[in-house]
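Participant: Before I ask anything, here is the structure I am working with.
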Ligand SMILES: CC(C)(COP(=O)(O)OP(=O)(O)OC[C@H]1O[C@@H](n2cnc3c(N)ncnc32)[C@H](O)[C@@H]1OP(=O)(O)O)[C@@H](O)C(=O)NCCC(=O)NCCS
């Protein structure tokens, strides 16, 4: 049995932040009904790689869902929404501020229609405070949550990170909130409103940068490779480790853009590492060199230490260097490109890059389910085409017959009104 079997979700989310959450819940067995406007989630057509096919942007975030199109600007469409609300355990949305209110469905109204339903909302900045009215996308959240100001090199501009911490990170936060609220609902019979602001989620993911922000009031940040005296805000730290142990990205052979390996020089491994690399870089006594004797010494002289390690690494590829470091118990990881990962046996073996089929686009791949439940592993099913399950959902969930469906179709509940000239 799937972990969330029997949980039905009315999923009004779009783009990335919401769909990534509902896809995870679907992979855990929830029945996710993707409730789309008649022209569909905008991402279906964004960054298309195959003409007239749902884009990878859409297919990769909407697996294991059923799609129904409903026009919320039509009274009969709203009536369908109300009927579905009564049959669902969770409703979730990540519209711009005020969209649901403009449809006439505040949280209070939704709670009145179905007191058991849990509502999940993602907003850029939440529903309160001076930023509440603003829309947001991934990089806006990274900018405002403290990620960009702390990413990059000190002398360069702020950078966004490749990981979608603003969108997918927020989706993960919402999933946790929804499951907690569902557990409470099961005990009390009452649903509640779960809100996650993207800015808050990014701040949470930047937690250790706030550690450093407060340390700066008392001391320099000795683990940073650049001086931090006199700073009042956590600086960008390049590839410094950000933790108690020293770390850095080390360039390897043959010197291509991804020919690097991240190496953490843990206190416990320095002796073995120094004995292995020292003789090859003209420092046979590296293990007893006073400049690097203790972690405090290595922090002070880390630039010299990284130069020695990089000199050694110049003779090896990132994989070869990894094979040298692993037996020494040195925590390390080659910088994996998407091409490296797509072909990686470990990745394939853990079902983290999964081949799927799609009626419009043929074979494609999705990143797999990162949460592994031993008794109910995820089975990944392709994303739905637009409105693929409209009739099915109306029949199965609402118990409607063909006549009732035809009447609502006639009334425009599932389509856009014809364009007037
Ligand atoms: C992502 C975002 C910036 C996109 O902005 P947008 O494209 O202007 O979309 P909005 O959510 O503001 O509005 C959606 C529109 O679709 C309409 N719509 C949505 N579902 C509909 C339906 N079933 N039937 C009819 N209309 C529908 C809404 O009425 C709204 O139109 P309106 O402005 O005329 O009321 C915005 O949704 C947002 O800030 N969301 C919260 C933060 C977030 O999740 N961002 C990350 C996205 S990855």
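Participant: Name the residue, out of 173, 358, 346, whose mean-square fluctuation peaks in a Gaussian network model built on the chain with Cα pairs under 10 Å.
Facilitator: 346
Participant: Another question about this same structure. Taking each pair of different alpha-carbon atoms in the chain once, compute 1/r for the pair, average those values, and report the inverse of that mean as the Kirkwood hydrodynamic radius in Å to one decimal.
Facilitator: On the way: mean 1/r = 0.0407 Å⁻¹.
Kirkwood hydrodynamic radius for the chain: 24.6 Å.
Participant: While we're looking at this one, here's another question. What order, most packed first, do the peptides 336-345, 373-382, 405-414 have when packing is the mean number of other Cβ atoms within 10 Å of each residue? Could you put the intermediate results ahead of the total?
Facilitator: Numbers: 336-345: 11.7, 373-382: 13.7, 405-414: 16.2.
Those peptides, ordered most packed to least, come out 405-414, 373-382, 336-345.
Participant: Of the beta bridges DSSP finds with both residues in the chain, what % are antiparallel, to the nearest 5? Present the calculation step by step, with values, prior to reporting the outcome.
Facilitator: Values: 13 of 34 bridges.
Percent antiparallel among DSSP bridges in the chain is about 40.
Participant: Further, regarding this structure: Quote the convex hull volume per residue of segment 246-330, based on C-alpha atoms, as a whole number of Å³. Mind showing how you got there, number by number?
Facilitator: Working: hull volume 6.6 nm³, N = 85.
Hull volume normalised by residue count: 77 Å³.
Participant: Cut-off is 10 Å between beta-carbons; in what order do 335, 165, 176, 122 appear when sorted fewest neighbours first?
Facilitator: 176, 335, 165, 122
Participant: Ok, one more. Taking the alpha-carbon set of segment 228-385, what are its Rg and Dmax in Å?
Facilitator: Radius of gyration, then largest Cα-Cα span, for segment 228-385: 20.6, 65 Å.
Participant: Test of understanding: in a Gaussian network model of the chain with alpha carbons linked when under 10 Å, which of 250, 110, 371 would top the mean-square fluctuation ranking?
Facilitator: In this elastic network of the chain, the residue with the biggest mean-square fluctuation among 250, 110, 371 is 371.
Participant: Now for a separate question. In degrees between 0 and 90, to the nearest 10, how far off the longest principal axis of the chain does helix 17-27 point, with axes built from Cα atoms?
Facilitator: Roughly 80 degrees, rounded to the nearest 10.
Participant: While we're here: How large is the helix-only mean residue ellipticity at 222 nm for the chain, computed as the sum of -39500 (n - 2.57) over DSSP H runs with n ≥ 4, divided by its residue count, in deg cm²/dmol to the nearest 500? Show your work: numbers first, answer last.
Facilitator: On the way: 17 runs with 145 residues, N = 421.
The per-residue figure over the chain is -9500 deg cm²/dmol.
Participant: Note the direction-averaged projected area, equal to a quarter of the hull surface, for the Cα convex hull of segment 68-109, in nm².
Facilitator: Working: hull surface 12.9 nm².
For segment 68-109, averaging the hull's shadow over all directions gives 3.2 nm².
Participant: Compute the acute angle (0 to 90°) between the alpha-carbon long axis of helix 302-313 and the principal axis of greatest extent of the alpha-carbon atoms of the chain; round to the nearest 10°.
Facilitator: Orientation of helix 302-313: about 90 degrees from the principal axis.
Participant: Using a Gaussian network model of the chain whose springs link C-alpha atoms within less than 10 Å, name the residue from 254, 97, 38 with the highest mean-square fluctuation.
Facilitator: Result for the chain, Cα springs under 10 Å: 254 fluctuates most.
Participant: Please list the equivalent ellipsoid semi-axes of segment 328-417, computed as the square roots of five times the alpha-carbon gyration tensor eigenvalues, in descending order and whole angstrom.
Facilitator: On the way: eigenvalues 378, 52, 23 Å².
With the √(5λ) rule applied to segment 328-417, the semi-axes are 43, 16, 11 Å.
Participant: Once both axes come from the Cα atoms, what is the angle between helix 75-87 and the longest principal axis of the chain, in degrees from 0 to 90, rounded to 10?
Facilitator: 60 degrees
Participant: How big is D for segment 174-256, in µm² s⁻¹ as a whole number, if Stokes-Einstein is applied with the Kirkwood radius of its Cα pairs at 20 °C and 1.002 mPa s? Walk me through the numbers on the way to the answer.
Facilitator: On the way: Rh = 16.5 Å.
D, rounded to a whole number, is 130 µm²/s.
Participant: Could you give the alpha-carbon Rg of segment 92-245 over 2.2 N^0.38 Å, rounded to two decimals? Please list the in-between numbers first.
Facilitator: Details: Rg = 19.0 Å, N = 154, 2.2 N^0.38 = 14.9 Å.
Against the empirical 2.2 N^0.38 Å value, I get 1.28 for segment 92-245.
Participant: Compute the projected area of the convex hull of the Cα atoms of segment 315-368, averaged over all viewing directions, and report it in nm² to one decimal place.
Facilitator: Values: hull surface 19.4 nm².
The number I arrive at for segment 315-368 is 4.8 nm².
Participant: Using only Cα atoms, what is the ratio of the radius of gyration of segment 111-197 to 2.2 N^0.38 Å?
Facilitator: Details: Rg = 16.5 Å, N = 87, 2.2 N^0.38 = 12.0 Å.
Relative to the 2.2 N^0.38 Å estimate, segment 111-197 comes out at 1.37.
Participant: Apply the a/c threshold of 1.5 to the C-alpha gyration tensor of segment 1-97 and tell me whether it is rounded, prolate or oblate. Intermediate results must be reported in sequence, preceding the final value.
Facilitator: Details: a/c = 2.00, a/b = 1.13, b/c = 1.77.
Oblate, because a/c is 1.5 or more while a/b does not exceed b/c.
Participant: Right, another one. What number in nm² do you get for segment 59-145 if you take the convex hull of its Cα atoms and divide its surface by four? Let's see the in-between values first.
Facilitator: Working: hull surface 28.4 nm².
Averaging across all directions leaves 7.1 nm² for the Cα convex hull.
Every read-out reported here was derived from the displayed coordinates using simple, explicitly stated rules and does not represent laboratory data. The model shown is predicted, which means the values in this text are computed figures rather than measured ones. All Cβ positions, glycine included, derive from the backbone under ideal geometry; neighbour counts span all protein chains shown.
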